Amino acid sequence: MIDRDHPLSVSRQALILDLSRSSLYYEPMEMSERHLALMAAIDEIHLQFPFYGSRRIKDELLDRGFLVGRQHVATLMRRMGIEPLWPKKKLSKPAPGHKIYPYLLRNWEIIQAGEVWSMDITYLPMARGFCYLTCVMDWASRRVLAFRVSNTLDASFCTQALEEALERFPAPLIMNTDQGAQFTSEGFTSLLVAHEVKISMDGRGRWLDNVFIERLWRSVKYEEVYLKAYESISEARRELAAYFDFYNTKRRHQGLKGRTPDQVYWSTLRNEQQAA
């Protein structure tokens, strides 16, 4: 939006666009090595004990030699987008003014691929720094249909992943997400509406619906991310693409009776003729 090489000065461009000049000159400080180590440890603890809140994670960190307070742990968890899996009054908060959709999957047995998709976001530690990963997953087959990596938690990378999935595969009946601002944004929800996909959002008491994708995050991190410590986001994208190809085509799941996500997806796809 701001062109620093334009003949107009930056301050003049900011005035024309009604932007704060101070925000244009601000450069975010890099996270310290201590903070990055803390966040990596929090991520590992959350994967091992997804029901732990900031208090228990703080205690676990103390056992590991980190001198840290509960409030600081809670702040880092918010930055990472981490929440404990337990019944609570509110899930991820939408942005003010964003529409919240009802939960549609109550008492619905999902047995066919293409019926329901789900999406979520997770934090990924790298060798220096961190990034975020979002995936579109078919609920019945656990197949990863698309993914995106980003260094920010804005809505655009979630929308891009959804666009790719809708281009490559038949649209589902329902998309289920939490109530986070990325999934309640106009760009994300309007794309689903345009493809006549019903929107379902986890509500009170629906914390167990995150379990499938939480298992995906655990597999991704222990089998891929923690073993490699990516040097850059471009490396993360390349290596994750290879991992998800393995995950879909070769990794057998006990919950799928020893079959791969690909085998279940293509054998149970709701509308095979459309897929062809």
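No value in this document is a laboratory result; all are computed from the given coordinates. It should be emphasised that the depicted structure is a prediction, and the values quoted were computed from it without experimental measurement. For neighbour counting, all protein chains shown are included, and Cβ atoms are generated from backbone atoms with ideal geometry for every residue, glycine included.
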In nm, spacing of pseudo-spin labels at LEU62 and GLU223 (7 Å Cα→C-beta vector): 3.7 nm
FRET efficiency, 1/(1 + (r/R0)^6) with R0 35 Å, evaluated for ARG252 and ALA171 via beta carbons: 0.80
Directionally averaged shadow of segment 116-275, computed from the convex hull of its alpha-carbon atoms, nm²: 9.3 nm²
Which of CYS131, CYS158 has the fewest Cβ neighbours within 10 Å, and the rest in rising order: CYS131, CYS158
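If you average over every viewing direction, what projected area does the convex hull of the Cα atoms of segment 33-80 give, in nm²? Walk me through the numbers on the way to the answer.
On the way: hull surface 11.4 nm².
Answer in nm², one decimal: 2.9.
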Segment 178-199-segment 116-167 distance, computed between alpha-carbon centres (Å): 14 Å
Segment 116-275: relative contact order as a whole-number percent, Cα under 8 Å and 6+ apart: 24 percent
Furthest towards positive pole of dipole, GLY180, THR134, TRP117, structure part segment 39-181, Cβ charges: GLY180
Inter-label distance for ASP262 and LEU104, nm, one decimal - labels placed 7 Å from Cα along Cα-to-Cβ: 3.0 nm
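Need one number: % antiparallel among DSSP beta bridges in segment 125-276, to the nearest 5.
Beta bridges within segment 125-276, antiparallel portion: roughly 65 percent.
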Mean separation of Cα contacts under 8 Å, 6 or more apart, over the residue count of segment 33-80: relative contact order %: 38 percent
Amide hydrogen neighbours beyond the local backbone of LEU145, cut-off 5 Å, H modeled: VAL136, MET137, ASP138
Full-extension gain in nm, GLU235 to HIS195, via 0.36 nm per residue minus C-alpha separation: 11.2 nm
